[in-house]
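**Student:** The structure under discussion is supplied below as structure tokens; questions concerning it will follow.
The values are calculated or read from the model by the stated rules, or taken from the named source; none is laboratory data. Predicted model, so just to flag it, every value in this text is computed and none were measured. Note that each Cβ is placed from the backbone with ideal geometry, even for glycine, and that neighbours are counted across all protein chains shown. Please note that ligands, DNA and RNA were not included when accessible areas were found on the heavy atoms of the full protein model with its side chains. Shrake-Rupley method; radii C 1.70, N 1.55, O 1.52, S 1.80 Å.
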Amino acid sequence: VSAFVEECRREWKRLGVPELLAEEMATDLEADLAEAREDGVAAEEILGESDPRRFAASWASERGLVPDPPPGRERRRRWPWVVGAIVGVWVLLAGGGALFTGVGGGEGSAGTIRTLVVPPIPATRAVPRLVGMKAARASAIARASGFEVRRVYVRPHGARAGTVVTQRPRSGVRARRGTTMTLRIARRRR
Amino acid sequence: MLRGVLDLCLLAVVDDEPAYGYEMTKRLRARGLATVGEGSIYPLLARLEREGLVATYRAASDGGPPRKYYRASPLGRRELAEGARAWREVRAGVDSVLSSTDAEVET
């Protein structure tokens, strides 16, 4: 059992989970497992599985402590910088060309060093507020924000038919790209 | 089957009184719900926390080390009410579909 927790610690470290938080999770888990053992409850009921790495990764990921699932991470991180570098070089060359040929734009543009910052595509997105909108519009906005959509139709309870009554995740928080947003939509009265 | 409903049950057991992780497992079991085979509750608790459905704080447990306690937030209580209603609808539907079958387990 303690070997399991040790494996978790290693996995969290590998995934870049801040040490303090990893330690907090490990301590809580150890305390719970110790108590379960006293009660004669199998560790398996607490852990739900036998693979510490998978367990550790899913916990950390649900806590929002892992930027992205490991397989896609490298690729996603790297290419925006490559694009940034290419664009940056292009801008410098164009700027230099303008300087030498004197084809600068307005006054002061020639010889000015411009830097172009291309930010990496963020792994998380702000969740938009969709409550009150028509389902189609809400879904379109959610998808445009990088989320998947799941619609659940519920009793209207006074809400206008076809409008979003509640949403999950709530607006304002950040969620990983590709997260499924659940929209509860007031259905028509029968 | 239980996966989505387990979130709801976790919210329900910390609705009146806060609890730490293992305490929640115990409450579920005391109410007749074994979580064996349903995966661990920790990733679910993490998600509930991230979505603001539970609030957490650290406090000493009875005679044990300090634990992370969870309790349902106002948003969580609303989610619980709504989820419980949705579950009753599903349950009623499944019951009525299954009640028309005469298949029985042979003993």
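**Student:** Within the stretch A:150-160, can one find any residue that is over 24 Å from B:TRP87 (Cβ atoms), at pLDDT below 90 and part of a helix (DSSP H, G or I)?
**Tutor:** Among the residues of the stretch A:150-160, not one is over 24 Å from B:TRP87 (Cβ atoms), at pLDDT below 90 and part of a helix (DSSP H, G or I), which makes the answer no.
**Student:** Continuing with the same structure: Which is at the interface with another protein chain (Cβ under 9 Å from one of its Cβ atoms), touching an Asp or Glu at 6+ places or on another chain (Cβ under 6 Å) and either open to solvent by 50 Å² or more (accessible area, probe 1.4 Å) or among the small types (Gly, Ala, Ser) (or both), of B:ARG47, B:ARG85?
**Tutor:** Answer to the check: B:ARG47.
**Student:** For the stretch A:49-71, does any single residue satisfy the condition of being within 30 Å of A:ARG125 (Cβ to Cβ), in contact (Cβ under 8 Å) with a residue 60 or more places away in the chain and more than 8 Å from chain B (Cβ to nearest Cβ)?
**Tutor:** Yes, the stretch A:49-71 has at least one match.
**Student:** Would it be correct to say that A:ARG143 is more than 12 Å from chain B (Cβ to nearest Cβ), surrounded by fewer than 17 Cβ atoms within 10 Å (Cβ to Cβ) and touching a strand residue (DSSP E or B) at 6+ places or on another chain (Cβ under 8 Å)?
**Tutor:** For A:ARG143, the condition - more than 12 Å from chain B (Cβ to nearest Cβ), surrounded by fewer than 17 Cβ atoms within 10 Å (Cβ to Cβ) and touching a strand residue (DSSP E or B) at 6+ places or on another chain (Cβ under 8 Å) - is met.
**Student:** Take the residues of the stretch B:57-79 that are open to solvent by 50 Å² or more (accessible area, probe 1.4 Å), under 17 Å from the mean Cα position of the chain (by Cα) and without any contact (Cβ under 8 Å) to a residue 40 or more places away in the chain: which is farthest from the other protein chains (Cβ to nearest Cβ)? Let's see the steps before the verdict.
**Tutor:** So in the stretch B:57-79, the residues open to solvent by 50 Å² or more (accessible area, probe 1.4 Å) come out as B:57-58, B:60, B:62-63, B:65-66, B:71, B:74-75, B:77-78.
The next check asks that each one be under 17 Å from the mean Cα position of the chain (by Cα); those that pass are B:71, B:74-75, B:77-78.
Restricting the remaining residues to those that are without any contact (Cβ under 8 Å) to a residue 40 or more places away in the chain gives B:74-75, B:78.
On the way: B:PRO74: 12, B:LEU75: 7, B:ARG78: 8 Å.
By that ranking, first place goes to B:PRO74.
**Student:** So, one more: Every residue in the stretch B:20-31 that is more than 12 Å from the chain's Cα centre (by Cα) and either within 17 Å of B:ALA84 (Cβ to Cβ) or aliphatic (A, V, I, L, M) (or both), please.
**Tutor:** Within the stretch B:20-31, just B:ALA30 meets the criteria.
**Student:** Continuing with this model, one more query. Return the residues of the stretch A:1-19 that are of a type in the set (A, V, I, L, M), in a helix (DSSP H, G or I) and over 15 Å from A:GLU49 (Cα atoms); say none if nothing qualifies.
**Tutor:** Filtering the stretch A:1-19 for residues of a type in the set (A, V, I, L, M) gives A:1, A:3, A:5, A:15, A:17.
Next, from what is left, pick out any that are in a helix (DSSP H, G or I): A:3, A:5, A:15.
Matches in the stretch A:1-19: A:LEU15 only.
**Student:** If we only count helices (runs of 4 or more DSSP H) wholly inside the stretch B:1-89, which ones have 2 or more residues that are modelled with pLDDT under 90?
**Tutor:** B:3-13
**Student:** B:ARG50 passes all but one of (1) in contact with a Leu (Cβ under 7 Å, 6 or more places away or on another chain); (2) closer than 18 Å to B:LEU80 by Cα; which number fails?
**Tutor:** In the conditions (1) in contact with a Leu (Cβ under 7 Å, 6 or more places away or on another chain); (2) closer than 18 Å to B:LEU80 by Cα, B:ARG50 misses (1) alone.
**Student:** Just the residues that are part of a strand (DSSP E or B) and either in contact with a Pro (Cβ under 9 Å, 6 or more places away or on another chain) or closer than 17 Å to A:ARG63 by Cα (or both), please, taken from the stretch A:124-149. Before you say what the answer is, go through the steps one by one.
**Tutor:** First, pick out the residues of the stretch A:124-149 that are part of a strand (DSSP E or B): A:124-126, A:134, A:148-149.
Selection gives A:THR124, A:ARG125, A:ALA126.
**Student:** Moving on to the next point. Based on what the data block shows, is B:GLU38 open to solvent by less than 60 Å² (accessible area, probe 1.4 Å) and touching a Pro at 6+ places or on another chain (Cβ under 6 Å)?
**Tutor:** Working: open to solvent by less than 60 Å² (accessible area, probe 1.4 Å): yes; touching a Pro at 6+ places or on another chain (Cβ under 6 Å): no.
Against the criterion (open to solvent by less than 60 Å² (accessible area, probe 1.4 Å) and touching a Pro at 6+ places or on another chain (Cβ under 6 Å)), B:GLU38 does not qualify.
**Student:** Now, a different point. For the stretch A:24-42, give me each residue that is open to solvent by 30 Å² or more (accessible area, probe 1.4 Å) and under 19 Å from A:GLU11 (Cα atoms).
**Tutor:** Result: A:GLU24, A:THR27, A:GLU30.
**Student:** Among (1) on the phi < 0 side of the Ramachandran plot; (2) surrounded by fewer than 16 Cβ atoms within 10 Å (Cβ to Cβ), which single condition is A:HIS157 missing?
**Tutor:** So A:HIS157 meets the others, but not (1).
**Student:** If you don't mind, another one. Specify the residue that is farthest from A:ALA126 (Cα to Cα); the eligible residues are those in the stretch A:161-180 that are part of a strand (DSSP E or B) and within 11 Å of chain B (Cβ to nearest Cβ). Outline the logic, then answer.
**Tutor:** Start the filter on the stretch A:161-180 by keeping residues that are part of a strand (DSSP E or B), which leaves A:163-168, A:174-176, A:180.
Okay, now just the ones that are also within 11 Å of chain B (Cβ to nearest Cβ), so A:165-168, A:174-176.
Values: A:VAL165: 19, A:THR166: 17, A:GLN167: 14, A:ARG168: 12, A:ARG174: 4, A:ALA175: 6, A:ARG176: 9 Å.
Among those that are part of a strand (DSSP E or B) and within 11 Å of chain B (Cβ to nearest Cβ), it is A:VAL165.
**Student:** Let me spell it out: the conditions are (1) touching a residue at least 40 places away in the same chain (Cβ under 8 Å); (2) in contact with a Lys or Arg (Cβ under 8 Å, 6 or more places away or on another chain); (3) within 22 Å of A:THR180 (Cα to Cα); (4) within 9 Å of another protein chain (Cβ to nearest Cβ), and B:LEU53 meets all of them except one. Which number is the exception?
**Tutor:** Unmet for B:LEU53, out of (1) touching a residue at least 40 places away in the same chain (Cβ under 8 Å); (2) in contact with a Lys or Arg (Cβ under 8 Å, 6 or more places away or on another chain); (3) within 22 Å of A:THR180 (Cα to Cα); (4) within 9 Å of another protein chain (Cβ to nearest Cβ): (2).
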